[in-house]
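Chemist: Can you read through this structure? Questions will come right after.
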């Protein structure tokens, strides 16, 4: 049973300071970029029916992406979460991603989120690991296909503005290799050798300053083994459906940018635009700032600026973040107190 101290441990991740840091960074960079080209930005701000139509399409796609996430979390938990609970889990998960460095992401706290929803430690860990695996598999499978169709232009950008010498292709290959390694590790832990995963886990917690958690780590390893049997017993159509839901959600996520750019400039090659976003995503993934704030606003014009008329890239980047980032800060901060109260009662009752 959890106590008030457990609640405080979670709340410390979502303090006012943690929320305001990414907001200030993201809005600050956005304002600076727009002021830099203020004249062109103001010219773009004539919201014609065409622009409003494509903004509406972008909002719809963002909603589809979130709904697909809800469908996936219900699917992976065998419908044990209601639609309301699924919505809250997705919003809190995205909120955690927004206030933690991208290199850490909401996945680090997703275990706590599911555990508080009443799932066992092993089940929570397995669902989080499978979710991460599906996301990485989307990237690993989609990237070669899209880049094969889009061509090497997906790596082309104004590299003269980059603060390092290594090329975009090199950054991409390093990130892609890391994702492949991470996916193989998850596959090994869940499907190949959960016993080996437990041994590695318990070995890590034999380190002196981690020994106090050695018992819980061993118990979690046992639950992973049990959950692994369940996951390995799933038929191929279960995994196909899970991956298709993942593909649908990520495609909707990337197509938000395609829609926004279509509102200000005709897009002749949507596959190339899609490919550029895949490459840009690797850099955002390793960003040390909360939710990639600042990093996303800086790299958006570099990667996608040649798809947009001069002076409008920064404004499109702002709308992109207004749709795909800031709403989760607001929704998460509103939902979090009620969610903590509800899940605390659930853990106390043992439901």
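Chemist: What FRET efficiency would be calculated for the residue pair residue 226, residue 285, taking the C-beta separation as r and a Förster radius of 25 Å, to the nearest 0.05?
Modeler: Efficiency computed from Cβ-Cβ geometry: 0.20.
Chemist: Right, here's the next one. If packing is taken as the mean number of other Cβ atoms within 10 Å per residue, what is the order of 277-283, 59-65, highest first?
Modeler: 277-283, 59-65
Chemist: Here is a follow-up. Arrange the peptides 251-260, 329-338 so that the one whose residues have, on average, the most other Cβ atoms within 10 Å appears first.
Modeler: Order by mean packing, descending: 251-260, 329-338.
Chemist: A follow-up question, please. Can you give me the distance in nm between label points at residue 309 and residue 120, each placed 7 Å from the Cα along the Cα-to-Cβ direction?
Modeler: Distance between label points: 6.1 nm.
Chemist: Okay, next question. Calculate, for residue 265 and residue 235, the FRET efficiency according to 1/(1 + (r/R0)^6) with r their C-beta to C-beta distance and R0 51 Å; round to the nearest 0.05.
Modeler: Using R0 = 51 Å, I get an efficiency of 0.65.
Chemist: Got a sec? How would 136, 117 order by Cβ neighbour count within 10 Å, fewest to most?
Modeler: In increasing order of surrounding Cβ atoms, one gets 136, 117.
Each reported figure results from applying straightforward, stated rules to the coordinates on display, with no laboratory input. Every value quoted in this text rests on a predicted model; they were computed, and no experiment measured them. No Cβ is skipped: glycine too gets one built from the backbone with ideal geometry, and neighbour counts run over all protein chains shown.
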